[in-house]
Structures are given as structure tokens and as C-alpha cells.
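Peer 1: Just passing along the structure, written as C-alpha cells.
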């Protein structure tokens with residue numbers, strides 16, 4: 001169903017019978033341990049996603065990444081489990 005858009009430009013998904021699903025596609029914040037080129041590959045499905053290097057700075061601390069994700073309503077994607085510990089200590093970062 002072209003022309004129907006949700007938050008952040010995410011398309012609505014069509015269901016049989018003409019109903020639409022207003023799901024909101026999350027915006028991702030890719031940690032430094034993931035290749036920056038993944039942002040370009042994921043833009044079609046996760047519009048507005050960013051890489052830590054571009055959004056904050058190279059070598060940003062975990063605390064900076066966490067706070068940036070929280071204030072910009074982004075989902076952190078990482079290969080390490082530091083952010084799992086952050087979620088236990090600080091709570092879920094999304095608003």
C-alpha cells in the first residue's frame with residue numbers, strides 16, 4: 001500500500017482484507033563493534049538508523065551510547081553484552 005507511512009517513514013504493512021498494521025519500525029544505533037556499512041544495508045527496513053561513530057564519535061563510552069540511545073529513542077545493537085548489564089542497572093533506555 002504505497003503512500004501510507006508510519007513514524008520515521010516506516011511503511012504500514014498490509015493485511016489480507018485491506019486492514020493495515022500501524023507498526024512502528026525501530027531506529028537502530030549500531031555499536032562500534034559492528035561495521036558502519038551495515039547502516040546503509042539496513043536503511044530500507046530500519047529508516048533513520050545510525051552508527052555510533054557517526055552519531056556520537058569514535059570510541060564513545062558505553063554510558064554515552066546508552067544516553068544517546070535513550071534521548072533519541074534508538075535501539076542499541078551490539079555484539080557485546082555490556083548493554084545487557086546496563087539494562088539491568090539503569091533500566092530500559094527507550095522512552
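Peer 1: For segment 2-34: of the residues being assigned to a strand (DSSP E or B) and at pLDDT 95 or above, which is surrounded by the most Cβ atoms within 10 Å (Cβ to Cβ)?
Peer 2: Restricting to residues being assigned to a strand (DSSP E or B) and at pLDDT 95 or above, the top hit is 30.
Peer 1: Also: So which residues in segment 62-95 are assigned to a loop (DSSP other than H, G, I, E, B) and surrounded by 11 or more Cβ atoms within 10 Å (Cβ to Cβ)? Show your work before the answer.
Peer 2: Residues of segment 62-95 assigned to a loop (DSSP other than H, G, I, E, B): 73-74, 78-81, 91-95.
Result: 73, 74, 78, 80, 93, 94.
Peer 1: Another question, if that's okay. If you scan segment 35-59, which residues turn out to be surrounded by 15 or more Cβ atoms within 10 Å (Cβ to Cβ) and touching a helix residue (DSSP H, G or I) at 6+ places or on another chain (Cβ under 9 Å)?
Peer 2: 39, 46, 47, 48, 49, 50, 51, 52, 55, 56
The values are calculated or read from the model by the stated rules, or taken from the named source; none is laboratory data. Quick caveat, the model's predicted, so the values are computed rather than measured. Cβ: placed from backbone, ideal geometry, glycine included. Neighbour counts: every protein chain shown.
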